[in-house]
Amino acid sequence: MLICFNGVDGSGKSFQAQRLMERLDQAGYPAVQVWNGGKSSVTRYIIMVGKRVLGAPQRRELGKKAPPQTVARYNAYLGSMQRMFRRRWLRTLWLHISLLEHALEIWVATLPHLMRGRVVISDRYLYDTVVNIAVLSGLPADELPALLRATRFYPVPRPQRWFFLDVSPEEAFRRKDDIADLAFLERRVPLYRQLAGEYGLVTLDAAADPDTISELIWSQVEPLLPRSASAVV
């Protein structure tokens, strides 16, 4: 079984994924948590050069304590990227390279566990790549479905349960210390909401009590489990 969590940084994905894994383990079901956020294994050198040329700040420089000039450099970098990705051919090329890279990561990180009969709990999934490309391109949420159609060329396991932890940009920003600018989240929240609507994700209010969220998640997962944990061991 594959269970996925999606949402912006600060929505509580990793926390709830860890809780679910612990609960499955306690119930006797073999479970593993993986991060499928999309590692730039192939494109990282291109990204590094691009960031250096465009004057992007280093990740370690970003955060709530980042000085205004660092935030301005980040926003200028993002503006430059958006101007580049307005070229449809470039956006499409980068999207397919990134999706192939991400799909390979999922196949390597997820398929072996599924083949061994484990429950795989995935923090993020293939569609995060599409959201990132939409942000880099400055596309509005209503144009996301056109990008999502590209994922059909990259078959990955379909989640049996797929959760979207919905939270406002302001609440997510309050929770995170490594995000320099509220706009980072404001660009992403509408895109994730569009994604959730397109694929029918189970939407949960991430601002609710964490224990309540955990119980709601368990109520969705438990009916899918074999009646006896020994059936999957």
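The values are calculated or read from the model by the stated rules, or taken from the named source; none is laboratory data. Fair warning: this is a prediction, and the values are worked out from it, not measured in the lab. Positions of Cβ are backbone-derived with ideal geometry, glycine not excepted, and every protein chain shown enters the neighbour counts.
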TODO: Within the range 161-192, work out how many residues are under 26 Å from Pro223 (Cα atoms) and either in a helix (DSSP H, G or I) or among the aliphatic types (A, V, I, L, M) (or both).
DONE: 1
- [ ] Scan the range 25-41 residue by residue and report those that are over 19 Å from Val131 (Cα atoms) and either part of a helix (DSSP H, G or I) or among the charged types (D, E, K, R) (or both).
- [x] Asp25, Gln26
- [ ] Go through (1) closer than 29 Å to Leu114 by Cα; (2) modelled with pLDDT under 95 and name the single condition Gln220 misses.
- [x] (2)
Task: Residues within the range 193-206 that are among the acidic types (Asp, Glu) and either closer than 14 Å to Val135 by Cβ or in a helix (DSSP H, G or I) (or both), tallied - done: 1
Open item on the list: So, Leu104, is that one of a type in the set (A, V, I, L, M, F, W, C) and under 30 Å from Glu222 (Cα atoms) or not?
Closed with: yes
Open item on the list: Any residue in the range 1-16 that is basic (Lys, Arg) sitting within a Cβ distance under 9 Å of a residue that is buried (at least 23 other Cβ atoms within 10 Å of the Cβ)? List the pairs, counting only those 6 or more apart or interchain.
Closed with: Lys13/Phe5; Lys13/Asn6; Lys13/Gly7; Lys13/Phe163; Lys13/Leu165; Lys13/Ala206
- [ ] List every residue pair whose Cβ atoms sit under 9 Å apart, with the two residues 6 or more apart in sequence or on different chains, where the first one lies in the range 161-177 and is free of Cβ contacts under 8 Å to residues at least 12 places away in the same chain and of a type outside the set (Ser, Thr, Tyr) and the second, anywhere, is loosely packed, with under 15 Cβ neighbours inside 10 Å and in a loop (DSSP other than H, G, I, E, B).
- [x] none
- [ ] Return the only residue of Leu95, Leu78, Leu90, Leu100 being modelled with pLDDT under 90 and within 16 Å of Asn132 (Cβ to Cβ).
- [x] Leu78
TODO: Please work out if Ala172 is under 17 Å from the mean Cα position of the chain (by Cα), modelled with pLDDT of 90 or more and small (Gly, Ala, Ser).
DONE: yes
TODO: Please indicate, with yes or no, whether at least one residue in the range 217-233 is of a type outside the set (Ser, Thr, Tyr), part of a helix (DSSP H, G or I), farther than 23 Å from Pro30 by Cβ and out of contact with any His (no Cβ under 8 Å at 6 or more places or on another chain).
DONE: no
Task: Qualifying residue in the range 209-220 (condition: of a type outside the set (A, V, I, L, M, F, W, C), surrounded by fewer than 12 Cβ atoms within 10 Å (Cβ to Cβ) and either in contact (Cβ under 8 Å) with a residue 24 or more places away in the chain or within 29 Å of Glu105 (Cβ to Cβ) (or both)) - done: no
Task: Given (1) within 21 Å of Ala27 (Cα to Cα); (2) at pLDDT 90 or above, number of the condition Arg149 does not satisfy - done: (1)
